[in-house]
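Values in this text are rule-based calculations from the coordinates and carry no lab data. Just so it is clear, the model here is predicted, and its values are computed rather than measured. All Cβ positions, even for glycine, are placed from backbone atoms using ideal geometry, and neighbour counts span all protein chains on display.
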Amino acid sequence: MAEITLVEAITLAMAYEMQHDPSVIVMGEDVGKDGGVFRATLGLLDKFGPERVLDTPLAESMIGGLAIGMAAQGLRPVAEFQFMGFIYPAIDQIVNHAARLRNRTRGRLTCPIVFRTPFGAGIHAPEHHSESTEAYFAHTPGLRVVIPSSPARAYGLLLASIRDPDPVIFLEPSRLYRYAKQEVKDDGKALPLDVCFTLRVGEDVTLVTWGAMVKETLAAAEMLQQQGISAEVIDVATIKPLDMDTILASVEKTGRCVVVHEAALTCGVGSEIVAQLAQKALFSLKAPPERVAGFDTIVPYARMEKHYIPSEKRIIDAVNRVMEFA
Amino acid sequence: MKIFYLPDLGEGLAEAEVREWYVKAGDEVKVDQPLVSMETAKAVVDVPSPYAGKIHELHGKENEIIKTGAPLITYDIEDATSDRPKNSVVGALEESSKKWDDGDVIVGSAKTKSAPVKAMPAARVLAQQMDIDLTTVKATGPQGLITADDVRKHMTSASAATAAHMAGGEALHGVRRAMAIAMTQSHQEIVPVTIFEDADISELTPGTDITVRLLNAIIAAAKVEPALNAWFDGRTMERKLFEEINIGLAVDTPEGLFVPVIKDAGAQSEKDLRKTVDEYKIAVRDRTISAANLHGATITLSNFGMITGRYATPIIVPPMVAILGCGRSREIAMVKDGKVVAGKIMPLSLTFDHRAVTGGEATRFLGEIIKQLQKA
């Protein structure tokens, strides 16, 4: 069993599935010869050949359309967008066609594509490379949105996403790509989709988060423990469809909730979670639910980045606010 | 010496042009410190230093084109291997030798044991302001919710005042708890009047069993005035007179007050009475007395004078209507036929429930008791 980084786990998952399912195709800009700008597809061209690993032109709309056509013909494309900031030319294909194929054909055809892309701030990159706009896709019926937060979950969730018959937007937190290593068994075991993962059990407050923010949230929970506050940490993982049952069970226990996401505050996925809490958990809440999120601005450039990304201090301050109530 | 090769500055570009150096040979630089401004086909970017250390040599002048992967700067750092960057990226990825510590990951929710309280938000705020524990409030809202009204009701109920705990207090159990409940009920229902009188026991034979004497006095008085050997129900306005006389005998123990019942005392001989009294005293002390023997009293005797006290206002436990309290006998100076003589008296206190017993009935009852006690 190897100790690998998150991006290596992604490579491992793709290699496993391509090995066992000949219909899996990998495509994107610079994914073949270069192995991807983050080396996420390193070695796949050598192993599986140019019929299965395609270097596309610099044309995101074409990547989307090509993948949908392949999927309709029985292939399973894993299409890479080099950064989430470049996905927008393909929105027409994704929203108008990939998300609707099953509905349009009354189930005769489905669209088993994984659209995978690095996302999120924190890598000191120029403009367009720091987006966290999962809310656009979570709002679209017909799309699944999956966000791993560790090498093991990246491996298991990507396998599950490739095997799923419907389109998945698979968002990879780029600042966690090489952050740390974890033992990941290359056994082809998928993790369940549409369910949250409870990473830390606690009694006083529920912290709900996903993606790269899992790192800061777990660190904040550790610091809160020093103050005598026991925090439960839930990694949502599948943003859509949302596993609200796990979150509700936790909030019924703790009575307090803080949602943490890097994406901008207004109309972020945190709003959906808090709206459901207000409807279904009002009588268990001891304090108003809080959201700690990115600001409603364009993600700043390298030197201001750390002021944008929610810090451990902002998370701890939010928890202290909700702890002031009963 | 460590060579920093020009990394891919953006999406696989092959080269870049030096615009402006920010450092020179001999400078000490920190990690991430901007080294040089490079212009690519796409943009002008700053290249941050991957290492901390002293600059040894710059490999290019301003306006010179440097190919991606070619040497950019040599650092004066001890390092045997000079590695080409394997992961060509835009920007910088944090790399560490840290281990990813996931701990125990639970798929779905962590199981919980307790069912916490559900309350309206307004109820929670009110309970917090009034320092009330929500788990003690009775819920009447939909789905088993505690409403704000439930909290207000809890505040005004009698139990609430004392439910807000006394520091160091202990909850009553067993006999003491039963006494508190019985006395509360008595106070709420009974309308008590107590008559005080003394029995002249100067002529009493020494060594007389006082308790048995009192029991026999009650038996005789109950035949004269049966109204005091009865039960009364204030709710139904019913009164029940009894043929048998079941005398409750108040017995004090360290645990509290017990009242075993001498059933059908009127049919018992003096010896039987004494035997029963002794047996009861032992049974109460040993806590072997049966529940049956603690119920069914129709009238009660409380001989509190064995300890101390002259007169009292003893409490009647419903549904009974009378209780005789007997205080401590003592020698006094009495006036008889105009002369002061020494004598002995036994103080008596008879409480009766004036809802069911008249003053006349009570005084005649007491008169008969005194007559019986004043016999030799």
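Within the range A:266-284, identify whether any single residue is within 12 Å of chain B (Cβ to nearest Cβ) and not in a loop (DSSP other than H, G, I, E, B), and answer yes or no. Yes, the range A:266-284 contains at least one residue that is within 12 Å of chain B (Cβ to nearest Cβ) and not in a loop (DSSP other than H, G, I, E, B). For the range A:192-216, give me each residue that is in contact (Cβ under 8 Å) with a residue 40 or more places away in the chain, at the interface with chain B (Cβ under 10 Å from one of its Cβ atoms), surrounded by fewer than 20 Cβ atoms within 10 Å (Cβ to Cβ) and not acidic (Asp, Glu). Residue satisfying the conditions is A:Val195 alone.
Taking the conditions (1) assigned to a loop (DSSP other than H, G, I, E, B); (2) touching a helix residue (DSSP H, G or I) at 6+ places or on another chain (Cβ under 8 Å) in turn, B:Glu243 satisfies each one other than (2).
Kindly indicate whether A:Asp317 is more than 12 Å from every other protein chain (Cβ to nearest Cβ) and either under 20 Å from the mean Cα position of the chain (by Cα) or more than 28 Å from B:Ala122 (Cα to Cα) (or both). For A:Asp317, the condition - more than 12 Å from every other protein chain (Cβ to nearest Cβ) and either under 20 Å from the mean Cα position of the chain (by Cα) or more than 28 Å from B:Ala122 (Cα to Cα) (or both) - is not met.
Number of residues in the range A:8-55 that are buried (at least 22 other Cβ atoms within 10 Å of the Cβ), of a type in the set (S, T, N, Q) and more than 20 Å from the chain's Cα centre (by Cα) equals 0. Within the range A:84-108, the residues that satisfy the criterion of being over 18 Å from the mean Cα position of the chain (by Cα) and outside any helix (DSSP H, G or I) are A:His97, A:Thr105, A:Arg106, A:Gly107, A:Arg108. Tallying residues that are facing another protein chain (nearest Cβ under 7 Å), surrounded by fewer than 24 Cβ atoms within 10 Å (Cβ to Cβ) and in a loop (DSSP other than H, G, I, E, B) within the range A:175-191 yields 3.
Number of residues in the range A:240-262 that are surrounded by fewer than 24 Cβ atoms within 10 Å (Cβ to Cβ) and away from chain B (no Cβ under 12 Å) equals 3. Quick check, is A:Thr56 hydroxyl-bearing (Ser, Thr, Tyr) and within 17 Å of A:Tyr177 (Cβ to Cβ)? Judged against the criteria, A:Thr56 is not a match.
Collect the residues in the range A:107-158 that are of a type in the set (Val, Ile, Thr) and either closer than 20 Å to A:Tyr16 by Cα or touching a Lys or Arg at 6+ places or on another chain (Cβ under 8 Å) (or both), keeping them in residue-number order. Those that are of a type in the set (Val, Ile, Thr) and either closer than 20 Å to A:Tyr16 by Cα or touching a Lys or Arg at 6+ places or on another chain (Cβ under 8 Å) (or both): A:Thr110, A:Ile113, A:Val114, A:Thr117, A:Ile123, A:Val145, A:Val146, A:Ile147.
Using the structure shown, decide if A:Ile309 is away from chain B (no Cβ under 12 Å), in contact with a helix residue (DSSP H, G or I) (Cβ under 7 Å, 6 or more places away or on another chain) and β-branched (Val, Ile, Thr). Against the criterion (away from chain B (no Cβ under 12 Å), in contact with a helix residue (DSSP H, G or I) (Cβ under 7 Å, 6 or more places away or on another chain) and β-branched (Val, Ile, Thr)), A:Ile309 does not qualify. Can you find a residue in the range A:165-174 that is away from every other protein chain (no Cβ under 12 Å) and farther than 20 Å from A:Ala15 by Cα? Taking every residue of the range A:165-174 in turn, at least one turns out to be away from every other protein chain (no Cβ under 12 Å) and farther than 20 Å from A:Ala15 by Cα.
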